[in-house]
1. What are the pairs with Cβ atoms under 7 angstrom where one residue, in segment 205-229, is within 11 Å of Thr246 (Cα to Cα) and of a type in the set (Asp, Glu) and the other, located anywhere, is open to solvent by 30 Å² or more (accessible area, probe 1.4 Å) and outside any strand (DSSP E or B)? Sequence gap at least six, or different chains.
2. What single numbered condition from (1) closer than 13 Å to Val304 by Cα; (2) of a type outside the set (Asp, Glu); (3) open to solvent by 20 Å² or more (accessible area, probe 1.4 Å); (4) touching a Lys or Arg at 6+ places or on another chain (Cβ under 7 Å) fails to hold for Val273?
3. If we keep just the residues of segment 64-108 that are open to solvent by 40 Å² or more (accessible area, probe 1.4 Å) and among the aliphatic types (A, V, I, L, M), which is nearest to Ile28 (Cα to Cα)?
4. With the requirement that a residue be open to solvent by 10 Å² or more (accessible area, probe 1.4 Å), more than 13 Å from Asn101 (Cα to Cα) and in a loop (DSSP other than H, G, I, E, B), what does segment 44-63 give you?
5. Out of Ala315, Ala225, which single residue is over 29 Å from Gln173 (Cβ atoms) and of a type in the set (Gly, Ala, Ser)?
Amino acid sequence: MLLSIFKHSVLLTLSFILLSLHSKAEVIHVDAGMDLSKQISLAQAGDHLILAPGRYRGQFTIDKQLTLSGTKESILDAGGSGNALLLTSSNITIDNLSIVNWGDDLTEQNAGIYAEQPTTNLLIKNNHLQGDAFGMWIQNTQNTRILNNTVIGNTTLRTADRGNGIQLSGVKQSEVINNNISKVRDGLYVINSQDNVLRGNTLHHLRYGIHYMYSYKNSIIQNHAYSTRAGYAMMNSRYLEITGNTSKDSEDYGFLLNYIIHSNISGNVIEDVWTKPEKKVLGRDGKGFFVYNSGYNTISNNVVKRTEIGIHLTAGSENTKVYGNSFIDNPVQVKYVSNKKQEWSKDGYGNYWSNYLGWDMNNDEKGDVPFEPNDGIDKLLWQYPEMKVLMSSPAILVLRWVQRQFPVLKPPGVKDSFPLMSPPAIENLQQIAVVKE
């Protein structure tokens with residue numbers, strides 16, 4: 001009984017303290033002529049500073065629970081050096097500001113918004129950032145939400161000299177949703193971060209749209225990447241859920257999977273991956289999927305359309321389930337480098353291949369003859385690309401005929417025992433989630 005009364009008393013005391021703190025919170029209107037750093041210093045935890053339109057020059061540090069908001073005409077100008085906004089406390093909201101002209105020192109990690117200390121509950125939304133180095137550098141945070149921001153880089157700099165749009169390092173249980181990022185190096189760069197969701201972001205005119213390194217149990221859902229070298233570059237990560245994304249007009253890769261394990265890649269659309277003629281060298285081809293040293297994954301229900309190579313697997317990329325995909329109008333559908341057979345179907349359900357020439361006599365929507373996209377001549381071509389000049393020669397045609405007549409001479413490769421006669425329907429891929437506050 002006494003213990004119950006004590007607990008009740010403690011709860012009432014905590015509630016009173018929280019109520020008191022809340023009652024002290026003020027809305028403070030700040031004009032462009034005021035010293036913003038001083039206003040932040042004088043504010044109490046929980047206050048809301050609203051910036052009037054105008055330019056606020058300098059680098060600003062928020063070291064307490066605050067909300068800082070304004071209009072798109074409320075401009076934080078860092079003067080070409082350092083970080084525009086440094087966040088060193090939890091429970092901070094940055095809303096509807098324009099942030100420009102921070103430093104260009106990548107070694108010092110200059111950023112429009114910078115948070116490095118362990119913090120929780122950051123909310124960064126509806127802001128417009130434009131500058132040289134990193135748009136946002138967010139590190140060691142938990143429960144961070146980055147929503148509806150625009151980040152634009154500086155195209156007068158070489159791509160390698162620009163920062164990433166939003167960089168997450170050591171971040172957990174956070175959301176990055178509905179941001180538009182362009183003209184930086186990589187749109188979203190995620191390293192050593194777990195249990196995060198990246199959803200509905202638009203990423204364009206970049207090196208990589210989304211770049212993952214050493215991160216586990218993340219969801220990459222309904223993002224749209226275009227005009228990149230690689231739409232999605234996933235490296236050294238596991239337990240990723242990569243669903244409903246699009247990649248269009250990439251130079252080298254729609255999806256690059258390098259040492260990705262135990263992940264699900266499904267319901268994505270990849271279109272038009274072609275290396276530009278002026279950048280063409282021997283062996284460089286646009287690939288829808290490039291799967292390197294990755295295994296125990298599921299690649300299902302994706303569309304790969306008009307890419308130089310639909311899917312390229314190499315370097316031990318085995319034990320991968322591949323089914324329900326549509327490979328459409330790719331000059332080379334599959335490039336598979338290995339000495340083991342791969343069955344690309346599941347439970348009697350294979351993939352759609354636009355160049356499949358088989359038939360369906362029993363009308364079950366599956367081809368009666370297995371589809372095997374590669375033969376020994378293909379493997380020779382991959383090993384010795386200079387052989388391309390001989391591909392139409394009578395000798396090559398005879399070798400292909402011999403392989404068809406005597407399958408024992410055909411090397412191990414990909415086989416789809418149940419090729420689909422029409423592309424499976426994939427619904428709602430273009431539906432981008434909208435988050436309402």
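1. none
2. It fails just one condition, (3).
3. Out of the qualifying residues, it is Leu86.
4. Residues satisfying the conditions are Gln44, Ala45, Gly46, Ala52, Pro53, Asp63.
5. The conditions single out Ala315.
The values are calculated or read from the model by the stated rules, or taken from the named source; none is laboratory data. Here the structure is a predicted model, which is why all the values come from computation and not from measurement. Every residue, glycine as well, gets a Cβ built from its backbone with ideal geometry; the counts of neighbours run over all protein chains shown. Accessible surface is based on the protein model in full, side chains and every heavy atom, while ligands, DNA and RNA are left aside. Shrake-Rupley method; radii C 1.70, N 1.55, O 1.52, S 1.80 Å.
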